[in-house]
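Notes follow once the structure below has been shown.
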Amino acid sequence: MSLDTIINVKKLYHHLNSAYEQNKTVSPLSEIAPTLSVDQAYQVQLLHVENALKQGKIVTGKKIGLTSKAMQTQLGVNEPDYGHLFDAMYLPNGASIQKEQVLQPKVEAEIAFKLSNDLKGPGITAFEVIQATEYIFPALEIIDSRIKNWQITLADTIADNASSGLYVLGDQPIRLTGIDLRQIAVTLYKNNEIVNTGVGIAALNHPAKCVAWLANKLAQYNLSLKAGEIILSGALSGATAAQPRDAYKAKFSELGEVSVHFE
C-alpha cells in the first residue's frame, strides 16, 4: 500500500468522522475520491471502529446490508456489505428514539442471530451458522447515513459503517429448532398502516447464508464472528424513511413482534 493511499483513507475517515462529531451530514466520499475502492472503503470503516474502541465503545456484533437482489442491482453490486454494531446502538423493544440520535433514519425489518460459538472463515456454511446460533430474534434496524440526502455509492455506504444507526430486538429469544428461516414472513407497519412485507428467502435465499457470507468475508481482513455477538442478517422488508412521531412495528410469523417509535 502506498503512502498516498494511506493518507487518502485517513483523509476520508476524518471527513466522515466530522459528521459524527458535529451531528450533521457531509458530502459523499465518492465525490472526493471517485476511484475509492471497496477495500479502501472497508479501511475507512475500520478506522471508525478503532476510534470508537478508543472512546470506550464495545463491538457487540455486525450487520449485513445489501442482501436482496433488488438493492444489489440498485447499487450495481453482486454481494452484500457489512458494518459493526456497538453497545450504544442497541435499543430494547418498544423504545423511543430521540431526534438527536439520528440524522436521516430509515427502518427495516430483519432476523437477528445471537451466536453461541465463534465463526471464522473461509469456508463457513449456512449449516454451520445454524449450529453456532444460540437464539434468533425479530429485529428492527434503523439504518442511517452520514452522507447528505443518502447520495451513496457502494463505497460510501461501506465506509459509513454500512449505513448503521440503531437496532431493536424483540423481547423473546427463540431457538432455531423446527424453524425454516426461509419461510419466516414479516409485515412492517408504520403508524398502524402496512408499508412493507417480506419473507426470509429474500435474504440471499436463506438468512443463515447471509451470516455465512459475513464470516467468510471477514476472513479477508483476519476478522471473525465471536460467540455472544448479535448479527443482523439483512432486510426482509424495504427501508422506509422515518419522521418524528412515527411509530413502527414488525410482526413476524413464529417470532413475534418488535416495535419502536420516534420522538
Restricted to region 134-155 and to residues being in a loop (DSSP other than H, G, I, E, B) and not β-branched (Val, Ile, Thr), the residue surrounded by the fewest Cβ atoms within 10 Å (Cβ to Cβ) is 151
Scan region 12-32 and tell me whether some residue there is at pLDDT below 95 and crowded, with 18+ Cβ neighbours inside 10 Å.
yes
Given (1) closer than 27 Å to residue 44 by Cβ; (2) free of Cβ contacts under 8 Å to residues at least 60 places away in the same chain; (3) not aliphatic (A, V, I, L, M), where does residue 175 come up short, assuming only one miss?
(1)
Looking only at residues in region 55-103 that are polar (S, T, N, Q) and out of contact with any strand residue (DSSP E or B) (no Cβ under 9 Å at 6 or more places or on another chain), which one is farthest from residue 204 (Cα to Cα)?
55
Would you confirm whether any residue within region 207-226 is more than 14 Å from the chain's Cα centre (by Cα), part of a strand (DSSP E or B) and modelled with pLDDT of 95 or more?
yes
Identify, please: which residue in region 37-77 is in a loop (DSSP other than H, G, I, E, B) and in contact with a Leu (Cβ under 8 Å, 6 or more places away or on another chain) and is, among those, farthest from residue 220 (Cα to Cα)?
76
Output the residue which, of all residues in region 92-113 that are in a strand (DSSP E or B) and acidic (Asp, Glu), is farthest from residue 188 (Cα to Cα).
110
Would you point out which residue out of 188, 204 is buried (at least 21 other Cβ atoms within 10 Å of the Cβ) and assigned to a loop (DSSP other than H, G, I, E, B)?
204
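Looking for something surrounded by fewer than 12 Cβ atoms within 10 Å (Cβ to Cβ) and part of a helix (DSSP H, G or I) - is there at least one such residue anywhere in region 167-179?
No, there is no match, as no residue in region 167-179 is surrounded by fewer than 12 Cβ atoms within 10 Å (Cβ to Cβ) and part of a helix (DSSP H, G or I).
The values are calculated or read from the model by the stated rules, or taken from the named source; none is laboratory data. Model, not experiment: these values are computed from the prediction. A quick note on method: Cβ atoms are made from the backbone with ideal geometry, for glycine too, and the neighbour counts reach across all protein chains shown.
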